[in-house]
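Following: one structure in structure tokens, then a few remarks.
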Amino acid sequence: MRLFGHGVRPCAPGEGAGRTMEMGEQSRTILVVDDDPDFLAQQQLQLEAAHYRVVTASGQQEAQAILDSCRPDLAILDLMMEDMDGGFILSYHLKQKHPQVPIILVTGVTSETRLQFTPAGREEQSWMKADAVLPKPVRFEQLKREIDRLLGT
């Protein structure tokens, strides 16, 4: 298997907590991190049906362990996990380690608190280290459009 900078290789099936498709069936790997097992399962099923290889983690710590050994093509991160800012911290570390990996932050902040959480421009998105922010509940069609845009497909 070919290594990517710093001895990190692309994520392979079987890494992370989630079930994955067999190698070769899908071309790009997406890391999905969320502490909601229903959200993880739903996204995994839909992404696999769209021909992505999926690696899942149920929290920041598990995701960081996965990222120590492999590099996904894209990451979908929940904003609030074990800690209120777990998604921010994880996206910061991911961009430090793999700056080329696009990140989509998904958040239930608005639905849970009624406070609007929408970055107004590039400056706000840059300190968040996210390439896109989507509110929960997120429709798969909306998520897929962002994935396609960020991966250039």
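The values are calculated or read from the model by the stated rules, or taken from the named source; none is laboratory data. Here the structure is a predicted model, which means the values were calculated and not measured. Every residue, glycine among them, receives a Cβ derived from its backbone with ideal geometry; neighbour counts consider all protein chains shown.
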- Contact list, first residue from the range 131-152 and touching a residue at least 12 places away in the same chain (Cβ under 8 Å) and within 13 Å of ALA75 (Cβ to Cβ), second anywhere and of a type in the set (Gly, Ala, Ser) and part of a loop (DSSP other than H, G, I, E, B), beta-carbon distance below 9 Å, six or more apart or interchain, is ILE147/ALA50
- Please note which helices (runs of 4 or more DSSP H) are completely contained in the range 56-153 and include at least 1 residues that are among the hydrophobic types (A, V, I, L, M, F, W, C) and modelled with pLDDT under 90. 86-97, 109-113, 122-128
- Note on the structure: Flagged in the range 137-152 as out of contact with any helix residue (DSSP H, G or I) (no Cβ under 6 Å at 6 or more places or on another chain) and over 15 Å from VAL101 (Cβ atoms), in numbering order, are PRO137, VAL138, ARG139, GLU141, GLN142, LEU143, LYS144, ARG145, ASP148
- Could you please tell me which pairs satisfy a Cβ distance under 8 Å, a separation of 6+ or placement on different chains, a first residue in the range 57-73 that is β-branched (Val, Ile, Thr), and a second residue that is part of a loop (DSSP other than H, G, I, E, B) and at pLDDT below 95? ILE66/CYS11; ILE66/GLU15; ILE66/GLY16
- In the range 29-55, which residues are in contact (Cβ under 8 Å) with a residue 60 or more places away in the chain, touching a strand residue (DSSP E or B) at 6+ places or on another chain (Cβ under 7 Å) and part of a loop (DSSP other than H, G, I, E, B)? ASP34
